[in-house]
Structures are given as C-alpha cells and as structure tokens.
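Chemist: After the structure tokens below, expect a handful of questions from me.
The values are calculated or read from the model by the stated rules, or taken from the named source; none is laboratory data. Just so it is clear, the model here is predicted, and its values are computed rather than measured. Here the Cβ positions follow ideal geometry from the backbone for every residue, glycine too, while neighbour counts run over all protein chains shown.
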Amino acid sequence: MKEAVRLKLGNGAVLLLHEDHSNPSIAFRGSVRAGAAYGRPGIAEFTARLLLRGTKRRSAAKISDATEDLAAALAATNGMESVALEGRCTRETLKETLRIFIESLATPAFAPAELEKVRGEVTGDLRAQEDDTRRAATRRLLELVYPPSHPYHADPKGDARSAAKIQAKDARAFHAAHYGAAGMIVAFSGDLETETFRGLVAAAFERLDSGEPPNPVPTPKPSKPANAVIAMPHKSQADFVAGRVALARTHPDYQALNLATILFGRIGLYGRLGQKVRDDLGLAYYSFSSLEARLAGGHCLVSAGVNPKNLAQAVAAIRAEMERLRTEPFSDAEVRDGKTHLIGSLQVTLERNPENAAAIHDIEYYGLGNDYLERYPEIVRGLDPESVRKTGAEYYDPDASSWVASGPVKGVRLSF
Amino acid sequence: METITRTLDNGLTVLLRPMPEAPAVSVWVGYKVGSRNERPGITGATHWVEHMLFKGGGKLKKGDIDSIVGRLGGKFNGFTDTDFTIYFETLPPGDLDTGLMIEAERMRNAAFDPQESDAERGVIISEREGSENSPKYLLSEEMWHLAFHVHPYHWPVVGWKIDLERITRNDLYTYYLQHYAPNNAVLVLAGKFEPEDAMRRVESYFGLFRPETQPPPLAVTEPAQEGERRGEVRRPGTQDHVMIGYHVPALAHADTAPLLVLQAVLGGWRGLSLFGGGFVPRSNRLYRGLVDKKLATDVSAQHRMQADPGLFTIEATVREGVDPAKVETAALEEVEGLRRKPPTKEEMARAARQLRVWHAYDLDGPTAQGLLYTWFEVAASHTLLDDLIDRCQKVTTADVRRVADAYFDETNRTVCTFLAQEGGS
C-alpha cells in the first residue's frame, strides 16, 4: 500500500486518502478526541450517540432518511479516548453524504426526544452488560487494573446513575468543548480521486470550527493486583479474565509486547494459550490474550470461557502458561514465526476499504509517520527476540495481574 | 467482474474471481452438509466435524494449519450452518498453494485421532454453554425448535447437549467420509491469481480425489403451519426480548427478491454479508414503530435465506419498564400492517438503492467475495447472487404486498418471548 495523501486543514483537522478503485465504494474512518476520558461519567457516550440524531436544521428522522436514501451509512461510537467516526458511500453520493456528516458534526440538535431514546439504549446496554459473564468480568477487571482516579477506570458508557441524570444541555456543552476540528482525523479509502479529495472533501471539513486542541490524558499508574468473583448462578458457562496496566501505543517497547501478545494467545488458534487450554486440555472454546494500547497507556488481558467444573483447572493452566513465559521463554523459532505473521497479516488485512481507512487513520492518530506501512516490515524484522521475551514475561506476569471470574462460580475453589 | 466456473472430472465445482489488484488471495471450500443433514442422536455432528478438521491428517500434523497460516500472517476459519460447512484461508498472493494444500488435506485426509475427538468434546460443550449464557441465543433456539416440528431446522447447529455427551469418534468419522467429497463441495478462489495457472494448481491438489456416492437428497418437508405457535423462556436476566418468525420459502425461490425488499422496508438493509459494520438503520418501519416510540431499544428483521424453506424473523429488545406484549403488538402491527399499508414509492426506491449499493460494499475484498460466492453456491447457486440483486431492482409494490399476504399471516407465525426473571445481575 502506497503512502496516503495527507492534508492538514487550517482549522487543524487532518484528512488522509488511500486511493483505490478496485471496488466502487468509499469508506472513511475518523476520530475526534471527545471520548469518555474527557468528561464526567456517561456524557461522552450520550453525546456520541446523539451526534447523528438530528441537527439544528433537520430532525433525526430527516437525517436518517437523507442518509439511507443515498444508501450511505454513518456512525459515531464512543471510546475511552476518542469517538470513532465511520462512513460508507459511493463517489456519486460522496458530496451529499459529507454534507450530512459535517452538518451533524457542527450543529447537532440534542433534541429531548432523541435524548430519551438514547437514555433507554444506554440503560439497556448497561443492564445487558451486567448479565453478560464475559463483559461483566472484563469491566470489573478494568476497574481493578486502573486506579479510580484515572479516566480509564470507569465504564466509558457511564453507569445507571449518570444515565438517569444527563440532560441535553450537558451534551451540548460537552460537544461545544470537545468536537472542534483541532485534533480531528478522518481517513478515506476507495473510489475517490486525489483531486476530489483535495477539493470537495477538504472544503467540506474546512467548514468546521477549529475549537481547542485536546489535552493529553495522564499516563495511568498500575493499581495493586486484586481479585474479584461475580456470581451469576443462572449461567451455564464461567468466564475469567486476568490483566494489568501495560504500555501506550507510542512506547518504545510496544512492538515487542505486541509480538509477545500474538505469540502468547493470538497466532493461529490462540497461540500458546489456545494450544494448552483448548487444544491439549479441551477445557475451553476460547482462551486468548489481547493488548489494548492507547495514547496515554493501555492494558493486556488473558480471557477464557469455561465450564464451571473446569474453571479451577483452567485458571491453573493459564497461570502455568503465564509462568512458563519466564521459565520457558519464546524460542527463536516462535519469535521468527511471529515476525512473519505480523508482516504477512498487515498485507492480508489491507484488503478492504474500511480496514485501509482504519490503518491510515491509526498511523496518524498515534503519530507513527506517513511512511509507517513501508517501514513496518523492517521494524518487525528488527525486533530483538530478547525484548519480546522480556516484555511477555513482564506484562503477562500472573502475580502482577488482577483476576476476575464470573458466572456459576459458587462453590468453585479458585486459586488466582 | 465475471465468475469463471469449472468442474473437475470428480465433480468438484470451482469458481474463480480473479482480482488482479488485490493484496491477497482467499481460498474457500464449502461443503453441502449442515445440521439439516443430521439425525436425532447425532445433532451437532456437522459442527464437531468442522472442529476436527483443524486437527491435521495426511500431510498436516495437529497444529500445522494454525502455525502455517499464522506464520504467513493469513486469516483462516471455519463456519457451520444449517445448510453448509465452509472453510477459508486468506493469504498473501504468493501463497495460493498453501491454501489449496490445506483444503485438499481437509477434504479427504483428516486424521480423527480418537484422543483428539474426545478432547474436543469439552471444547464443543463449552461453546454451547457459552451460547446458553446469552438470552438471545436461548430465544432463538426456542423459536426454531417450535417453528419446525419435522424438518431438521428443529435442532440447533451446535447440537443438543445430550447428543454432544454421547457422539462417538466413529459417528464423526463416518459422517466425514460420507459428506466430505469433491462432488459435494465447491472451491472458490478470490483475489490475486492468474486463472489458468490457478486451475492447474487446483487440478493437481484435488484432481485425483474420487467422488463418493452421496446420500439421497433430504426428503423432509415441513408441513404447513396451521395456527400461531407461542413459546416463552423464563430465566434470570436483565432484559426481555421478543422474537417473531414466519415460514418463508427457500433461497432459490422466486419470492426471495420481494422478501429482501420487504426486509429493507421493514427493518432496513445492511448487506448480505457478515461485513455490514456497526451501522444502525433507522429509516424503516420497525425502528420508527418500536424504537422511536420508546417500546424497544433495538429491532431487526431478517430473511434467513436457507437451502430449504426457513424463517423470516423479527427480533426486538424490550425497553426497561415496557410490557413485552406491547412490543409484540407493535411489531405485528408493522409487519402484518404491510398487507394494509404497502410500501410507498419512496420506501421502494430507498430499498432498491440500498440493496444495489450495499452489494458493492459486500463485495469489497477477496475474503468478502469468497464468503458470498461460496455461501450462495452451496445453498443454491452462485449465479443467484448477482441475479438476485438485479431481480430486487424490478420488485414492485404489488410484489411486496403479495408476499406479505402470502407469508405474514397469523397462522404461519411463531412468537417467542424471553422474560427476564429476578436474579439476573
């Protein structure tokens, strides 16, 4: 994939383009730094959900009719640091799709009727999460991993109390403070000529006010490891998750930890973890590791879903695999396979417009350099196997991790 | 883009979708075997066989598929459905042979090591139990169980737990030998390759396999439903859910096009494939009638498009404090109201455009093309895929009204409700 065309507008917004005419469609992926970390509980979630639900000029119904009459699609999804902006359209519908999108970004209505619908959705989603073994365990774990004073500690959706209280004026004020073009990034991929991008697309985004540039989120300090059990006796399967604070995406050790995560519980059918817990012992349908690295910091997790009678055995097996990262670190052959996996998977991942747009967006978001994709194979090849082993052992250390189990766990003796 | 179609002497159907600019090649093999081919006692066997086919055999040792594809940075997976089983690898363009080799070994040489099949029992049961944790899964299982008395759509793809506890290695291996043969399969290549070169390679990997005598086609027809059926699942939970199903014809039937247009009018359209993304359609009758009126927090409609006559379903999550009966009534007003209030000209135009444009989104990339062409070929015919979207453009208001009249009738519907009980959180 060649370098993306990059435009920095006068209002601070950065636009990117990967031109590719192999499919007659355009996908875009963007972000605005208006995630949960920037406001009191729940407000970012409400604001993002209300963004495409009507403007000062057009009702929610008219906005959705106008979008869907074009067979276009738009979405705004709240995250911890930023709100993800997404869209799909064709070259024929690009102009009108952008008109709707920019109108929604600049002048959302925050109408009371829409707010009440969103209140029902958020409340419902929070209640669904409470009854979901995997989501409930992960949410609790993140509360243990990040200290209460850090913005990553709380649920980005807020809680039942915040969902009950948020008013339109709160969302309006949050929007005014955080939805400026400064810090906004939008990447396009697909059937779009550079000339149109530099002209029509840039002109559409130039209409946005600059606003204030986003403040950085503080780096999280790790909490003391802790354990929790969430009893849900009515469920069939138990879930458990272990994890700790890890690294920011821009940290020098990120690439090494990413490769360690791949080898530990992702490559093939979930790496070493999958091999042991699923393949050898037949204890779980899934068991994997994951790394979430954001601008300010991140966390790494190990997750598994198992029959409650196998829970203690699965916990012990996963703990043993974590310890094995120290006693039997990744071999040179494992590291070599992981490197070829990373290089090959980059190529395979970039087969669709939404993934291409997401990749060039992320490169800009994390400041990796416009030639990052070109440099990536060399970055991976140059990784020191020792650093992969060291970061793996450090960040998947069972004694430095917090542990949470959920589901029909009453009476199960757990030794975290 | 044209689809190049070939058939090997042993009956293997090969579809080629060359995409010279693509950064990958996607290798798909679909087998015309799904849970519809099982019998009571071995429900879940198709899905279990799928799991076993990642465990090596022939040139592949256990773990080789994961490590070979993983090393190359490829994507791979398998899916079992009521009507088919599908496997794929998406790989860098120079690695077509790897995908073909894996699929050839999978077709005829799987090991079915008894120890492995026993170990997999725990994994399969764990997968089923993970699904049981979800109220929506339980509701869906109840729906199909109730709507089909005779046809194998009666049981879930993952199988009943009692069968999963008893199925033997020999049950699985016999099932595999019977159904995994070139004359019961389709191979689809999408992405960067040269067609004639690819065909030579396909011939070298698959050409020597012998065809197998296939069991006679499934001769089970679900009798017409003669009255509403109702089911309830009462379990601890935090949200109520409503699901409504109507019997509709098979994918290959001429009414599929009007039913898809009807689906778009009723519940919006987000494409045929799994790659629709997180976009919520709001300009449709169900959203306006249920979510806008604060009765539900989400709602969807779907024609399941199966090999045999299946279901058109509507699903809604009940908003907190709302009586599920009200949601059901509102949904029925919208669905069956189509008979009294047929789609407007604007609704028809929107539906037709969405079906056409989302088809382009659906075909973005080799993996997406491989999935759609394999699915349609094993469930009906790949020619139906492009033809179906063209046919949808010609559907009239009268056609939509006719199918609404024909299928959205009280005597043909099944209504299931998940009623969340205390203790769910």
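Chemist: Kindly establish whether A:A113 is closer than 25 Å to B:G271 by Cα and either surrounded by fewer than 20 Cβ atoms within 10 Å (Cβ to Cβ) or not assigned by TED's automatic domain parsing to the domain that holds A:R49 (or both).
Modeler: No: the conditions fail for A:A113.
Chemist: While we're looking at this one, here's another question. Can you find even one residue in region A:229-245 that is away from chain B (no Cβ under 13 Å) and either assigned to a loop (DSSP other than H, G, I, E, B) or basic (K, R) (or both)?
Modeler: Yes: one or more hits.
Chemist: Limited to region B:234-259, what total is found for residues that are among the β-branched types (V, I, T) and more than 17 Å from the chain's Cα centre (by Cα)?
Modeler: Here the count works out to 3.
Chemist: A follow-up question, please. Got a sec? Which of A:P398, A:P354 is within 11 Å of chain B (Cβ to nearest Cβ) and at pLDDT 95 or above?
Modeler: The match here is A:P354.
Chemist: Which number in (1) of a type in the set (V, I, T); (2) crowded, with 21+ Cβ neighbours inside 10 Å; (3) farther than 30 Å from B:L363 by Cα marks the one condition that A:I185 misses?
Modeler: Status for A:I185: all satisfied but (3).
Chemist: Looking only at region B:360-378, decide whether some residue is surrounded by fewer than 24 Cβ atoms within 10 Å (Cβ to Cβ), outside any helix (DSSP H, G or I) and not small (G, A, S).
Modeler: The answer is no; no qualifying residue exists.
Chemist: Further question: Show me the helices (runs of 4 or more DSSP H) found entirely inside region B:142-212 where at least 3 residues are touching a residue at least 60 places away in the same chain (Cβ under 8 Å), under 24 Å from the mean Cα position of the chain (by Cα) and not assigned by the TED database to the domain that holds B:E315.
Modeler: Where helices (runs of 4 or more DSSP H) fall fully within region B:142-212 and carry at least 3 residues being touching a residue at least 60 places away in the same chain (Cβ under 8 Å), under 24 Å from the mean Cα position of the chain (by Cα) and not assigned by the TED database to the domain that holds B:E315, they are B:169-179.
Chemist: Another question, then. Please enumerate the residues belonging to region A:227-257 that are among the polar types (S, T, N, Q) and crowded, with 23+ Cβ neighbours inside 10 Å.
Modeler: Of everything in region A:227-257, just one residue is among the polar types (S, T, N, Q) and crowded, with 23+ Cβ neighbours inside 10 Å, namely A:Q237.
Chemist: Of A:A136, A:A202, which residue is closer than 22 Å to A:S82 by Cα and touching a residue at least 24 places away in the same chain (Cβ under 8 Å)?
Modeler: A:A202
Chemist: Being at pLDDT below 95, surrounded by fewer than 21 Cβ atoms within 10 Å (Cβ to Cβ), touching a Phe, Trp or Tyr at 6+ places or on another chain (Cβ under 6 Å) and farther than 16 Å from A:Y254 by Cβ, is that true of even one residue in region A:403-416?
Modeler: Yes, the conditions are met somewhere in region A:403-416.
Chemist: Which members of region B:95-123 meet the condition of being buried (at least 22 other Cβ atoms within 10 Å of the Cβ) and over 30 Å from A:G344 (Cα atoms)?
Modeler: B:S117
Chemist: Right, another one. Restricting to region A:102-116, and then to whatever is in contact (Cβ under 8 Å) with a residue 60 or more places away in the chain, in a helix (DSSP H, G or I) and not β-branched (V, I, T), can you tell me which residue is nearest to the other protein chains (Cβ to nearest Cβ)?
Modeler: A:E114
Chemist: Within region A:339-361, can one find any residue that is over 23 Å from B:L72 (Cα atoms) and surrounded by fewer than 18 Cβ atoms within 10 Å (Cβ to Cβ)?
Modeler: no
Chemist: Follow-up question, since we're still on this one. Being in contact (Cβ under 8 Å) with a residue 12 or more places away in the chain and within 12 Å of chain A (Cβ to nearest Cβ) is the filter; apply it to region B:300-332 and report the residue that is surrounded by the fewest Cβ atoms within 10 Å (Cβ to Cβ).
Modeler: Selected residue: B:E320.
Chemist: Find the helices (runs of 4 or more DSSP H) located wholly in region B:33-139 whose residues include 2 or more that are of a type in the set (G, A, S), and list them.
Modeler: Those helices (runs of 4 or more DSSP H) span B:64-72, B:96-108, B:114-132.
Chemist: Now a separate question. When you scan region B:336-358, do you find a residue that is at pLDDT 95 or above, closer than 30 Å to B:G74 by Cα and hydrophobic (A, V, I, L, M, F, W, C), even just one?
Modeler: Yes: one or more hits.
Chemist: Separate question: Give the residue, chosen from B:D118, B:D95, B:D66, that is over 26 Å from B:T168 (Cα atoms), of a type in the set (D, E, K, R) and within 9 Å of chain A (Cβ to nearest Cβ).
Modeler: B:D95
Chemist: Taking the residues in region B:284-299 that are among the β-branched types (V, I, T) and at the interface with chain A (Cβ under 9 Å from one of its Cβ atoms) as candidates, determine which candidate is farthest from B:H241 (Cα to Cα).
Modeler: Result: B:V291.
Chemist: Just to verify a result, which residue in region B:385-425, among those that are of a type in the set (S, T, N, Q) and part of a loop (DSSP other than H, G, I, E, B), is farthest from the other protein chains (Cβ to nearest Cβ)?
Modeler: B:T396
Chemist: Looking at A:S82 and the list (1) surrounded by 22 or more Cβ atoms within 10 Å (Cβ to Cβ); (2) within 11 Å of chain B (Cβ to nearest Cβ); (3) touching a Lys or Arg at 6+ places or on another chain (Cβ under 7 Å), which single condition is not satisfied?
Modeler: (2)
Chemist: Can you go through B:R17, B:R36, B:R71 and tell me which one is assigned by the TED database to the domain that holds B:W155 and surrounded by fewer than 21 Cβ atoms within 10 Å (Cβ to Cβ)?
Modeler: Exactly one residue qualifies, and that residue is B:R71.
Chemist: For region A:285-304, does any single residue satisfy the condition of being among the acidic types (D, E) and in a helix (DSSP H, G or I)?
Modeler: The answer is no; no qualifying residue exists.
Chemist: Quick check on my filter: what residues within region A:125-182 are farther than 19 Å from A:V229 by Cα and of a type in the set (S, T, N, Q)?
Modeler: Within region A:125-182, A:S149, A:S162, A:Q167 meet the criteria.
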